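Below: the structure, in structure tokens.
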Amino acid sequence: MRITSGIGIAWRSMSRNRLRTFFMMAGVMIGICSLTILDSVGENTKRETMKRFKNMIGTFDTVIIRPGAGKTRGMVSLTNVPPTLKFEDAAAIAAELPEVKQVAMLQNAFDIDVKYKDKNVSPAIFGVSANWLDLRGDEVAQGNFISEEDMQSLARVAILGSDVLPVLFPEGDAIEKTIRIGDVPFQVKGALASRGAGPGGGSLDNLILIPVTTAAKRLFNRDFLTMLIAQVREPEKSDAAVVKITALLRQRHHIAASALDDFTLTSPQAVMAQVTQMGSTLSTILKGIATIAMFIGGAVIMSLMLISVSERRKEIGLRRSVGASRRDILLQFILEASLVSTIGGLIGIALGLGGTNLVAQMQHLPPILALQALEWTAGLSVGLGLVFGIYPAWRATQVDPVKALRT
Amino acid sequence: MIDVTHLGKTYRRGDGTPVEALKDISFLIERGEFVTIRGPSGSGKSSMLNIVGCLDKPTSGTYRLNGEELSGYSDKQLSHVRAWKIGFVFQSFNLMPRTTALENVEIPMIYGPGRVDRKRALAALERVGLGERTHHYGTELSGGEQQRVAIARALINDPPLILADEPTGNLDSAAGVEVMGILRQLHQEGRTVVLVTHDDAVAACAEREILFRDGVLTSDRKIAVLATE
């Protein structure tokens, strides 16, 4: 028998028994549908989380150093960190450790009053070093960023975040205008492009950047930093860099061997790994559940096929008498099971994609087609019919044509 | 054509006790003969027909069809023989449910030639006088018509041997005469026809009669062919 005739026979048998075919398809359909939804939604969420995370931390080859022994929650600021991390620490890390390419400095505070004429805002003020741009992946939308000379000369220049700019300057023409941060006049030097949302969904754009030296000497009058970002030369070896930085800082801060660090190091790679891990554990569990649904679908196929085989003993006997071999019968029933589950699976995938886009719309995420998921769900539905069709098909080959034809 | 020597068939019952359905059977049927196999029920005639039709295998002795010794044949080889050499006609017609006359006739082409030739199937139905009823389902046809569909199906791969097991058993006499007329025609075309029947009038169409009783061949004789009506 040719495969094409086998498919033809299977198709006719399916269309002659629509109700049975429907129930056989239903299980696979539901299983594949939920698998598709879970998979694409999971993939979607993971990508979105990663994107937001990247928005916040910028590049991935950095180690973040915060003052305090890991007690600080949320974003650091001058009001919630101990005064232990100094400008000299930053210079030492950059100068003494060959693993470190450069170190960016941050001294920041929140809710500082900023005025331009009659306009008021209370953004975060970030005193940053000139290399901040490299390490955070910010983009300057207009004007220029803080330069090394600005750092040296304690220039009173400001870079506006994209939330601040339209409030202070509705006309958009901000460059070289003088704003007042606290009581200190600053000249607007540039404006940043938007970073988008952070991991919590909040804005990362409600801020003004100024030179960190200016911040320390002319605005906040504090000699300690709230955060250092060390960029390592080889991202794969960031663990080694973490060890070296820890040793150097302990030495500089005169910490006894028995005492705890007075700073906290975080490598974004480690945090990322944790976040991804969480996401994939959840999706593994969900996949497990959907897989069970699939197997129930497979069991339904198998039992209905078994019933079908015993109902069709006469048909089997007749086919055998006109020349069908056992192999032909086996092939016919396996093809029938596979065709049912394949069509069921395709319907399931179609429904699943519809569902995915619905969920994506509700979560305000861009719809994504997880193509690699499609491949394996399609494969799964074909395979399901094959696997669960084998036993009933084998039973069909064991039908004795002599007995089946006798009435 | 059919050469059976010292053939035996032993079944095992459910409880394991052996039942000898056929004992030391030998006969020879030449190409083109019209033979009837008769005997009371349980005499072994149906077992004999199933072995001749390659649906069952003997437990001892040999069976040659067209000189081919079939006892060592695999399932695939036997299926090939059934597809090309043998046409079955059953008492209960065995048409497929929810399937048109035409589709029924096409089934053996799937296993023999491997491709369905609709024109040939239509011609076969035409031949048995059902050219107008090709798209009717089995349930929409009379018994005689159903049996004629079955005969068309048996003929579609042009087999030299027709095996008919009580072909008129479920038919009224008029339909029976019609069916026997077709079988006789097939014989006249040169096909070998082996017919199992209880009915004397039906058996009278054959030219030779083989009698079975308790699994033993008791009589094998030529009979006078009745003049056709």
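Only the coordinates and a few stated rules stand behind these numbers; no lab work does. None of these values were measured; they are calculated from a predicted model. Here the Cβ positions follow ideal geometry from the backbone for every residue, glycine too, while neighbour counts run over all protein chains shown.
Find which of A:Ala257, A:Ser77, A:Ser325 sits farthest along the positive direction of the dipole of the protein assembly as shown, computed with +1 on the beta-carbon of Lys and Arg, -1 on that of Asp and Glu, about the Cα centre. Checking the options against the dipole of the protein assembly as shown, the answer is A:Ser325. What whole number of Å gives the distance from the Cα centroid of region B:174-229 to the Cα centroid of region A:228-281? Here the answer is 99 Å between Cα centres. Of all DSSP beta bridges confined to chain A, the antiparallel ones make up roughly 80%. Using only side-chain charges placed at the Cβ, +1 for Lys and Arg and -1 for Asp and Glu, the dipole size of the protein assembly as shown relative to its Cα centre rounds to 700 debye.
Taking other C-beta atoms within 10 angstrom as a stand-in for reagent exposure, B:Cys205, B:Cys54 fall in the order B:Cys205, B:Cys54, fewest first. Among beta bridges from DSSP that stay inside region A:69-261, the antiparallel ones total about 75%.
With neighbours defined as other Cβ atoms within 10 Å of a residue's Cβ, the residues B:Val149, B:Val216 order from fewest to most as B:Val216, B:Val149. Here the alpha carbons of the protein assembly as shown define both size measures, Rg and Dmax, at 44.1, 133 Å. Less than 5 angstrom separates the built amide H of B:Val196 from those of B:Ile37, B:Ala164, B:Asp165, B:Glu166, all sequence-distant by 5 or more or on a different chain. Averaging 1/r over each pair of different alpha-carbon atoms in chain B and inverting the result gives 18.1 Å, the Kirkwood hydrodynamic radius. Give the range of the longest stretch in chain A that excludes all GluC sites (Glu not before Pro) found in loop regions by DSSP and having at most 12 other beta-carbon atoms within 10 Å. Looking at chain A, A:177-407 is the longest stretch - no exposed GluC sites (Glu not before Pro) with at most 12 other Cβ atoms within 10 Å.
Can you tell me the length gained on complete extension of the stretch A:Glu149 to A:Val271, counting 0.36 nm per residue apart and subtracting the Cα distance? Here the segment from A:Glu149 to A:Val271 would lengthen by 40.4 nm. In this simple spin-label approximation, B:Asp200 and B:Asp75 carry label points 7 Å from Cα along the Cα→Cβ vector, and these lie 4.5 nm apart.
Here region B:75-119 is scanned for amide nitrogen atoms under 12 Å from the site 7 Å beyond the Cα of B:Thr139 along Cα-to-Cβ, giving B:97-99. Summary value for chain B: 27 percent relative contact order, contacts being C-alpha pairs under 8 angstrom separated by 6+ residues.
Between A:Arg18 and A:His253, the simple label model (points 7 Å from Cα in the Cβ direction) yields a spacing of 7.5 nm.
Can you tell me the FRET efficiency between A:Thr49 and A:Gln398 if r is taken as the Cβ-Cβ distance and R0 is 56 Å, rounded to the nearest 0.05?
Given R0 = 56 Å and the Cβ-Cβ separation, E is 0.55.
Dividing the summed -39500 (n - 2.57) terms of all DSSP H runs of n ≥ 4 by the residue count of the protein assembly as shown sets its mean residue ellipticity at 222 nm at -15000 deg cm²/dmol.
List, in the order given, every pair from A:Lys51/A:Lys287; A:Lys119/A:Lys189; B:Lys57/B:Lys119; A:Lys115/A:Lys189; B:Lys23/B:Lys222 whose Cα-Cα distance in the structure shown is over 25 Å. Too far apart for the 25 Å limit: B:Lys57/B:Lys119.
Using the Cα centre as the reference, give the magnitude of the dipole from point charges on the C-beta atoms of region A:69-261 (Lys, Arg: +1; Asp, Glu: -1; all else neutral), rounded to the nearest 20 debye.
Dipole size: approximately 460 debye.
Across region A:69-261, Cα pairs under 8 Å and at least six residues apart give a relative contact order of 29 percent.
Which parts of region B:156-188 would a label at B:Asp117 reach, counting a residue when its backbone N lies under 14 Å from a point 7 Å out along Cα-to-Cβ? It comes to B:156-159, nothing else.
Counting neighbouring Cβ atoms within 10 Å and putting the fewest first, the residues A:Thr226, A:Thr342 line up as A:Thr342, A:Thr226. Applying D = kT/(6 pi eta Rh) to region A:69-261, where Rh is the Kirkwood radius over alpha-carbon pairs, T corresponds to 20 °C and eta to 1.002 mPa s, the Stokes-Einstein value obtained is 122 µm²/s.
Each listed q (0.13, 0.17 Å⁻¹) maps to a log10 I(q)/I(0) for region B:1-130, found by the Debye formula over equal Cα scatterers with no solvent: -0.69, -1.05. Farthest toward the positive end of the dipole of the protein assembly as shown, out of B:Ala201, A:Phe169, B:Ile2, is the Cα of B:Ala201, where the dipole comes from beta carbon charges about the Cα centre.
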